[in-house]
Amino acid sequence: MNRMEELLRAFRNIADNPKAQLEKYRAEGKKAVGCMLYFCPEELVYAAGMIPFGLWGARTQAVEAKRYLPAFICSVLQTTLELGIRGAYDGLEAVMIPILCDSLKGMDGNWRYSVPHIPAIPVAHAQNRKTEAGVAFTASQYRKVKARLEEIAGRAITDADIRDAVSVYNARRAVMRRFLELCARKPGLLKPSERNAVFKSSCFMDVREHAGMVSELVALMEEAPAGEFKGPKIVTSGIMADHPNLLQILDDLGYAVVDDEVTHESLRFRADVPETEDPIEGMARQVGNIEGCSVLFDPEKNRGKMLVDLAKKSGADGVLLVLTKFCDPEEYDYVPIKRMLDAAGIPAIQVEIDQQTAENAQTLTALETFRGILGY
Amino acid sequence: MDDHIERKPAKIRLREIAEKATQDAWEAKLRGEKVGWCASNFPQEITTTLGIPVVFPENHAAGVAAKGGGQRMCEYAESMGYSSDLCSYSRISFAYAALKECPELNIPQPDFLLCCNNICNCMIKWYENLAVELDIPLLLIDIPHLDAFPCDEDRIRYIRAQFDDCIRKLEELTGKKWDEERFKEVMAISQRSSRAWLKAVSYAQYTPSPYSGFDIFNNMAVAVVARGTVEAAEAFEQLAEEYEENVKNGISTFKAEEKYRVLFEGIACWANLSYTFKTLKNLGINVTATVYGPAFSFLYDNLDELMAAYSYVPNCNVFERELELRVNDAIRHKVDGAIFHINRSCKHWSGTLYEMERQLREKAGIPTVVFDGDQADPRVFSEAQYLTRIEALVEIMEENKRKGARK
């Protein structure tokens with residue numbers, strides 16, 4: 001096994017074993033705070049000397065969570081709540097819960113009664129996020145979050161702590177963007193499942209450790225010869241493109257993911273936190289700079305324009321829209337975005353993914369057909 | 001007294017106010033004025049003060065569904081690519097924006113959109129899509145979900161800034177000018193309407209209630225969207241007077257014996273309104289509590305409170321406050337049970353109802369049932385399930401009454 005294979009295996013191992021990661025950090029005497037999707041202010045957790053831990057559900061069956069959530073709430077929140085109730089998140093000091101979609105707006109209340117031993121920290125982002133009033137509001141909410149984190153950490157979080165954290169996070173964003181670029185430049189070098197593991201592992205790792213591993217991988221990817229890739233090249237878009245069966249199908253059918261507009265993947269790394277005198281203000285401004293995500297106010301559907309650009313720049317043959325079942329922001333976006341892709345002459349297909357589903361025969365058929373449409 | 005007899009009944013006046021608002025918008029459109037499509041819980045003080053004609057897609061969708069067009073319009077939107085998972089009001093709205101007409105009910109097409117997400121973020125996505133489809137401006141007043149009650153100063157400041165920004169943009173868009181004196185007047189009228197609305201609704205505390213609870217679903221629309229008008233204030237005051245008179249005379253607009261009193265949770269199933277109502281009526285069940293009364297009262301004494309009031313609508317408040325409102329209403333209005341509508345269209349409202357149901361049952365000491373339905377898409381509603389659940393509730397309420405009588 002060469003070093004790149006070792007690294008890729010390590011990313012996958014971490015991505016598949018979050019509990020082991022949590023235990024490892026706790027054994028080191030570190031505290032961890034859960035960050036439910038989307039865009040939790042992880043830098044504040046890190047600034048307090050704690051580990052932000054991403055909560056994006058898991059491939060499991062919601063049973064207990066069904067006592068709280070109707071069946072038509074997405075599987076990401078169903079399984080996140082399920083894991084909380086079952087005790088999989090025991091060891092987290094608290095869980096941050098944003099309110100960026102309607103299902104999340106109810107999570108705070110449900111969490112407090114179903115997982116009472118892990119405190120919830122609500123996180124409100126402004127939807128009018130590009131305006132000064134919006135930035136001020138998001139910053140005000142981050143300050144409230146900061147106060148809660150200080151209680152948990154048992155120490156004050158200074159502006160210098162936050163600046164340091166921002167700098168570390170921006171450095172990781174930079175290396176992740178280099179990784180993205182290499183995935184586009186050298187299609188086929190990484191399988192879709194390997195590419196996913198690099199992103200997913202970031203949810204369960206100390207940012208410096210993750211950035212270190214990605215830097216090493218990026219250097220190896222730079223050195224690796226760009227072999228001729230003969231398979232279909234796609235850009236993925238959606239909340240998550242993480243289901244093991246979906247990744248297996250993409251691997252088996254020989255697809256290469258040359259770029260993405262996936263919230264769980266690149267959208268967390270595209271926009272740096274601007275360096276401002278008040279570092280929390282910079283963090284709030286960053287929320288206004290994120291594009292391409294269905295849960296953030298986007299009156300001109302820049303997401304569609306961005307997706308068209310990504311597909312063109314990366315030389316993709318088509319776009320795979322990965323719909324998280326019952327995610328209404330994504331379902332709304334589908335119609336105008338599909339139209340924008342059609343108008344640009346970019347082939348696109350949507351597949352629906354439910355984390356609770358074990359079988360994905362329909363996805364396989366759809367992606368086999370799509371490969372044919374793309375001429376492979 | 002003679003004067004009272006001569007007057008049109010309040011419910012007719014309220015219906016006429018709603019119809020006139022739409023008519024006014026049509027006439028404004030014909031005059032060449034710009035007409036907006038507006039979220040129902042967008043601060044009406046802004047549009048009323050500026051005198052900007054607006055119509056309400058939510059009310060339109062409910063009206064279309066009540067007249068039998070819900071399924072057809074939803075299916076049309078699905079043929080456009082919209083998932084059947086999405087809010088049925090929004091599906092009807094997309095279909096209407098594409099078709100431009102509908103045999104059940106027509107409203108003028110919009111020149112701009114006024115969105116407010118205090119009831120749900122689905123509103124944002126719905127209006128984003130309309131803005132792109134129709135290529136028209138979209139203004140959003142973002143009211144973040146509360147994490148504590150009352151609304152905090154950060155939220156008030158943020159809402160206030162958006163309020164001011166929205167006024168400025170609407171002035172540019174429509175050429176109309178903001179008038180502070182008129183604004184004060186509109187606020188005063190709105191308060192008068194809200195107080196009258198609350199008073200009218202509160203008569204359900206009497207036994208028997210002087211009105212059928214389903215009346216609230218119809219009257220609420222005016223309380224929400226037209227309360228800044230003198231006509232609405234007067235009509236609500238008359239409604240309260242009529243209910244008071246009914247209490248004195250021991251009569252009710254509920255035309256059956258009121259054997260049981262219930263809290264009804266959630267939006268009405270507009271496409272199945274007749275069945276849902278008649279099933280209750282046939283079993284002698286009157287709705288004497290809904291969250292619509294207290295939650296849509298919009299009471300305030302100053303500008304900050306006005307901003308805060310818009311975060312107290314259902315779906316925007318912190319869970320414990322939402323629960324408190326329901327428990328208080330259930331106790332004050334002496335309900336024997338509660339019916340929870342798991343509304344397929346509404347992820348946020350439905351997403352907390354199981355816990356709400358458990359806690360209400362315990363805190364108010366009443367039996368509860370849930371049923372599956374939808375605000376406008378009849379395909380989701382099952383008459384058999386509804387009937388079975390309601391009959392089960394009746395059995396428990398009856399048993400409780402027997403036990404109570406024995407004590």
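The values are calculated or read from the model by the stated rules, or taken from the named source; none is laboratory data. Keep in mind it's a predicted model, so treat the numbers as computed, not measured. Using ideal geometry, Cβ is built from the backbone for each residue, glycine included, and neighbour counts are taken over all protein chains shown.
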What tally of residues in the range A:162-198 results from selecting those that are outside any helix (DSSP H, G or I), in contact (Cβ under 8 Å) with a residue 40 or more places away in the chain and surrounded by 19 or more Cβ atoms within 10 Å (Cβ to Cβ)? 3
What about B:Cys122, is it touching a strand residue (DSSP E or B) at 6+ places or on another chain (Cβ under 6 Å), more than 15 Å from B:Leu306 (Cα to Cα), among the hydrophobic types (A, V, I, L, M, F, W, C) and in contact (Cβ under 8 Å) with a residue 24 or more places away in the chain? no
Looking at B:Ser84, B:Ser40, B:Ser88 in this structure, which one is within 14 Å of another protein chain (Cβ to nearest Cβ), under 22 Å from B:Gln375 (Cα atoms) and surrounded by fewer than 24 Cβ atoms within 10 Å (Cβ to Cβ)? B:Ser84
For B:Pro378, work out the one condition from (1) more than 14 Å from chain A (Cβ to nearest Cβ); (2) out of contact with any helix residue (DSSP H, G or I) (no Cβ under 6 Å at 6 or more places or on another chain); (3) within 30 Å of B:Glu104 (Cβ to Cβ); (4) crowded, with 18+ Cβ neighbours inside 10 Å it doesn't fulfil. (2)
The condition of being at the interface with chain B (Cβ under 8 Å from one of its Cβ atoms) and aliphatic (A, V, I, L, M) holds, among A:Val335, A:Val319, A:Val308, A:Val351, only for A:Val335
Only unsatisfied item for A:Arg268, checking (1) touching a Leu at 6+ places or on another chain (Cβ under 7 Å); (2) under 24 Å from A:Lys186 (Cβ atoms), is (1)
Got a sec? Which helices (runs of 4 or more DSSP H) wholly within the range B:327-407 have at least 2 residues that are under 25 Å from A:Arg112 (Cα atoms)? B:347-351, B:353-364
Inspect the range B:147-169 for any residue being within 24 Å of A:Arg339 (Cβ to Cβ) and within 7 Å of chain A (Cβ to nearest Cβ) and give the result as yes or no. no
Does B:Leu173 count as of a type outside the set (Asp, Glu), more than 11 Å from chain A (Cβ to nearest Cβ), within 25 Å of A:Tyr334 (Cα to Cα) and surrounded by fewer than 19 Cβ atoms within 10 Å (Cβ to Cβ)? no
For B:Glu45, work out the one condition from (1) within 19 Å of the chain's Cα centre (by Cα); (2) closer than 26 Å to B:Gly373 by Cβ; (3) acidic (Asp, Glu) it doesn't fulfil. (2)
Suppose we keep only residues that are charged (D, E, K, R) and in a loop (DSSP other than H, G, I, E, B) within the range A:199-230. Which one would you say is modelled with the highest pLDDT? A:Asp206
Specify which of the listed residues (A:Ala71, A:Ala58) is without any contact (Cβ under 8 Å) to a residue 24 or more places away in the chain and either surrounded by fewer than 23 Cβ atoms within 10 Å (Cβ to Cβ) or charged (D, E, K, R) (or both). A:Ala71
Where in the range A:257-376 are there helices (runs of 4 or more DSSP H), lying wholly inside it, with at least 2 residues that are in contact (Cβ under 8 Å) with a residue 12 or more places away in the chain, charged (D, E, K, R) and in contact with a helix residue (DSSP H, G or I) (Cβ under 6 Å, 6 or more places away or on another chain)? A:279-289
Out of the range B:126-150, which residues are buried (at least 23 other Cβ atoms within 10 Å of the Cβ) and part of a loop (DSSP other than H, G, I, E, B)? B:Asp142, B:Ile143, B:Pro144, B:His145, B:Leu146
Taking only the range A:231-246 into account, find how many residues are outside any strand (DSSP E or B), buried (at least 21 other Cβ atoms within 10 Å of the Cβ) and more than 10 Å from the chain's Cα centre (by Cα). 3
Of residues in the range B:1-19 being under 19 Å from the mean Cα position of the chain (by Cα) and touching a residue at least 60 places away in the same chain (Cβ under 8 Å), the one surrounded by the most Cβ atoms within 10 Å (Cβ to Cβ): B:Leu14
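Yes/no per residue for (1) farther than 30 Å from A:Glu228 by Cα; (2) of a type in the set (A, V, I, L, M, F, W, C):
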position	(1), (2)
A:Arg112	yes, no
A:Val115	yes, yes
A:Asn128	yes, no
A:Thr131	yes, no
A:Val135	yes, yes
A:Arg148	yes, no
A:Ala184	no, yes
A:Arg195	no, no
Show the residue pairs meeting these rules: Cβ distance below 7 Å; 6+ apart or different chains; first residue within the range B:87-110 and within 18 Å of B:Ser345 (Cα to Cα); second residue surrounded by fewer than 24 Cβ atoms within 10 Å (Cβ to Cβ) and among the aromatic types (Phe, Trp, Tyr). B:Arg91/B:Tyr82; B:Phe94/B:Tyr82; B:Ala95/B:Tyr76
Flagged in the range B:335-365 as within 11 Å of another protein chain (Cβ to nearest Cβ) and of a type in the set (Lys, Arg), in numbering order, are B:Arg344, B:Lys347, B:Arg358
Being at pLDDT 95 or above, among the acidic types (Asp, Glu) and buried (at least 22 other Cβ atoms within 10 Å of the Cβ): is that true of A:Glu291 here? no
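Given the structure, is B:Asn286 out of contact with any His (no Cβ under 8 Å at 6 or more places or on another chain), surrounded by 23 or more Cβ atoms within 10 Å (Cβ to Cβ), more than 28 Å from A:Leu104 (Cα to Cα) and not hydroxyl-bearing (Ser, Thr, Tyr)? So that I can check it myself, show each step before the final result.
Numbers: out of contact with any His (no Cβ under 8 Å at 6 or more places or on another chain): yes; surrounded by 23 or more Cβ atoms within 10 Å (Cβ to Cβ): yes; more than 28 Å from A:Leu104 (Cα to Cα): yes; not hydroxyl-bearing (Ser, Thr, Tyr): yes.
So B:Asn286 passes the test.
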For the range B:34-55, give me each residue that is of a type in the set (Phe, Trp, Tyr) and assigned to a loop (DSSP other than H, G, I, E, B). B:Phe42
